[in-house]
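The values are calculated or read from the model by the stated rules, or taken from the named source; none is laboratory data. Just so it is clear, the model here is predicted, and its values are computed rather than measured. Cβ placement follows ideal geometry from the backbone for every residue including glycine, while neighbour counts extend to all protein chains displayed.
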Amino acid sequence: MTTAVYPGSFDPIHEGHLDVIKRAQMIFDKVVVGVLDNTAKSCLFTAAERAQMVRDSLGPESDVVVAHFSGLAVEFAISQGAAVIVRGLRAVSDLDSEFQMALMNRRLEPRVHTVFLTTSFANVYLSSSLIKDVCAHGGGVQGLVPAPVEVALRQRLERPGPRPRAEEEG
Ligand code: PNS
């Protein structure tokens with residue numbers, strides 16, 4: 001049985017992340033999403049909220065395990081019985097930092113291997129930061145994030161609804 005962990009901030013989860021989770025499920029017997037608790041980044045949502053949004057986005061039928069963790073990702077992987085860390089790659093620009101992280105993780109824990117999965121072309125431009133920025137300025141994020149996340153984002157950013165797009169304006 002091969003277990004893979006997919007660690008991240010998920011602030012919040014978006015369609016690109018879900019794409020990576022689905023691809024990981026095709027390869028590994030068990031997938032554990034690890035939501036980083038003590039991230040140095042200031043998050044819009046708490047770790048518990050981010051983890052719940054991942055669960056809500058996956059739905060009740062999903063057998064993906066969602067947990068939050070603090071400390072090193074490799075320690076989280078070992079605690080879950082995983083020999084694999086999955087990370088998503090959107091573009092070549094991601095590779096620099098991801099490569100650095102993978103090599104550091106290998107140095108920290110040689111039993112854990114990093115596997116990169118590419119997101120589908122439709123999702124390559126997505127990032128949680130961009131989505132939050134668009135939403136904070138009243139832009140629509142429908143289709144970029146799962147429905148429960150869209151609601152949570154709007155509530156947190158106190159915007160009643162997306163502004164109509166230019167072509168929809170009268
Ligand atoms: O979604 P993100 O913010 O790109 O995820 C980054 C994450 C959570 C994978 C990375 O920051 C991480 O693994 N943090 C846990 C602490 C750790 O293991 N640091 C050493 C990584 S080389």
Report, ordered by the first and then the second residue, all pairs with beta carbons closer than 6 Å, sequence separation of six or more or different chains, a first member in the range 1-17 that is free of Cβ contacts under 8 Å to residues at least 24 places away in the same chain, and a second member that is of a type in the set (V, I, T). none
Out of V84, V64, V74, which single residue is under 14 Å from P7 (Cα atoms) and within 16 Å of the chain's Cα centre (by Cα)? V64
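Quick check on the range 43-59. Is at least one of its residues assigned to a strand (DSSP E or B) and within 11 Å of the ligand (Cβ to nearest atom)?
No, every residue in the range 43-59 fails to be assigned to a strand (DSSP E or B) and within 11 Å of the ligand (Cβ to nearest atom).
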Tally the residues that are in a helix (DSSP H, G or I) and within 11 Å of the ligand (Cβ to nearest atom), restricting the search to the range 1-19. 2
Just to check your reading of the model, which residue among R23, R90 is under 17 Å from T3 (Cβ atoms), in contact (Cβ under 8 Å) with a residue 60 or more places away in the chain and more than 9 Å from the ligand (Cβ to nearest atom)? R23
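With V112, V33, V65 as the choices, which residue is modelled with pLDDT of 95 or more and away from the ligand (no atom under 14 Å from the Cβ)?
Details: V112 fails: away from the ligand (no atom under 14 Å from the Cβ); V33 fails: away from the ligand (no atom under 14 Å from the Cβ).
On inspection, the qualifying residue turns out to be V65.
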Being touching a helix residue (DSSP H, G or I) at 6+ places or on another chain (Cβ under 6 Å) and either of a type outside the set (S, T, Y) or assigned to a helix (DSSP H, G or I) (or both) is the requirement here; does R107 meet it? no
Enumerate the pairs (first residue in the range 38-65 and closer than 18 Å to F76 by Cα; second residue anywhere and among the aromatic types (F, W, Y)) with beta-carbon separation below 6 Å, excluding pairs fewer than 6 apart on the same chain, so at least 6 apart or on different chains. R50/F10; V54/F10
